[in-house]
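Student: Dumping the structure here so I can ask a few things about it.
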Amino acid sequence: MAFKTVVFYGSYRRDRNGIRAAKFLLDQLAQRGHTTVFADALEYDFGLLDRMYKEYELGQAPAKMEELAEHIRTADGFVVVTGEYNHSVLPGLSNLMDHFLEEYYFRPAGIVSYSVGGFGGVRAAVHLRVMLGEMGMPTISSMFAISKITDTLDAEGSPQDPALVKRLGSFLDELEWYEEALQRQRQEKGKPF
């Protein structure tokens, strides 16, 4: 089954280590046949949240915001990549995603976290799960943490240990199960409210 999956990434830092994780995911999803969209906060820089997408009159949202809204509405699922700032999610990621709401409904999300240290950003991942649930995205039970990212993935997102690909495979299997199930429900029954 073919899926469209949006990968969100929200670091604005000059030396973005997490881009390695995003590149790795985009490559692995493409190898599995997904149509992918990279929602990078640097590319979709809407500025600090002043007005949500839904608060614009029809056809009046900025072009880049309209583009991303369409990708979100037509996605089967999401992978959200976060580092850990002060034990929480990247501020740029939260700001990017907060511009939208209803567009996410009834589509699953997988959480990928990373850090340069040994914890792999898991404290941020726990916070992110709550945020995504509130935004209408059921999160899959597995979270994928990448510790010591600069040692684990090279600058192009290639894994230094083949076991990482196998571990990610299980995570993506679960995401695809949810993408298929919720895609079928949206097609057959529509929204429940």
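Student: Once the convex hull of the C-alpha atoms of the chain is built, how many Å³ does it hold per residue, rounded to a whole number?
Tutor: 117 Å³
Student: Same structure, new question: What nm value, rounded to one decimal, do you get for the distance between residue 64 and residue 170 when each label is placed 7 Å out toward the C-beta?
Tutor: About 3.8 nm, to one decimal.
Student: Mean residue ellipticity at 222 nm from the helices of the chain, using -39,500 (n - 2.57) per DSSP H segment of n ≥ 4 over the full residue count, to the nearest 500 deg cm²/dmol?
Tutor: -12500 deg cm²/dmol
Student: Calculate the length of the line joining the C-alpha centroid of the stretch 30-76 to that of the stretch 128-193, in whole Å.
Tutor: Result: 19 Å between the Cα centres.
Student: Here is a further query. Please give the net charge around residue 95, taking every other residue with its beta carbon less than 11 angstrom from that of residue 95, where Lys and Arg add +1 and Asp and Glu add -1.
Tutor: Once all neighbours under 11 Å are counted, the net charge is -3.
Student: Counting only protein heavy atoms and using a 1.4 Å probe, what share of the accessible area of the stretch 88-165 belongs to carbon plus sulfur, as a whole percent?
Tutor: 58 percent
Student: Let me spell out the model: positive unit charges on the Cβ of Lys and Arg, negative unit charges on the Cβ of Asp and Glu, origin at the Cα centre of the chain. What dipole size does that give, in debye rounded to 20?
Tutor: Dipole about the Cα centre, nearest 20: 360 debye.
Student: Sort 65, 52, 143 from largest to smallest accessible area, using a 1.4 Å probe on the heavy atoms of the protein chains.
Tutor: From most exposed to least exposed: 143, 52, 65.
Student: Give the residue from 88, 17, 46 lying farthest towards the positive end of the charge dipole for the stretch 1-116; charges sit on Cβ (+1 for Lys and Arg, -1 for Asp and Glu) and the dipole is referred to the Cα centre.
Tutor: Highest projection toward the positive end goes to 17.
Student: Would you mind calculating the relative contact order of the stretch 88-132 from Cα pairs under 8 angstrom and at least 6 residues apart, reporting the percent as a whole number?
Tutor: Computed over the stretch 88-132, the figure is 48 percent.
Student: May I ask you to derive the relative contact order of the chain, considering only C-alpha pairs under 8 Å and at least 6 residues apart, and to give it as an integer percent?
Tutor: Relative contact order comes out at 24 percent.
Student: So with the 1.4 Å probe, I'd like the accessible area per residue for the stretch 1-126, rounded to whole Å².
Tutor: 44 Å²
Student: Suppose we keep just the DSSP beta bridges with both residues in the chain; what percent of those would be antiparallel, to 5?
Tutor: 10 percent
Student: Listed highest first by mean packing, meaning other Cβ atoms within 10 Å per residue, what order do 154-165, 112-123, 36-47 come in?
Tutor: 112-123, 36-47, 154-165
The values are calculated or read from the model by the stated rules, or taken from the named source; none is laboratory data. Because the structure is predicted, anything quoted here is derived from the model rather than measured. We place every Cβ from the backbone using ideal geometry, glycine too, and count neighbours over all the protein chains shown. These area figures cover heavy atoms from the full protein model, side chains too; ligands, DNA and RNA do not enter into them. Shrake-Rupley method; radii C 1.70, N 1.55, O 1.52, S 1.80 Å.
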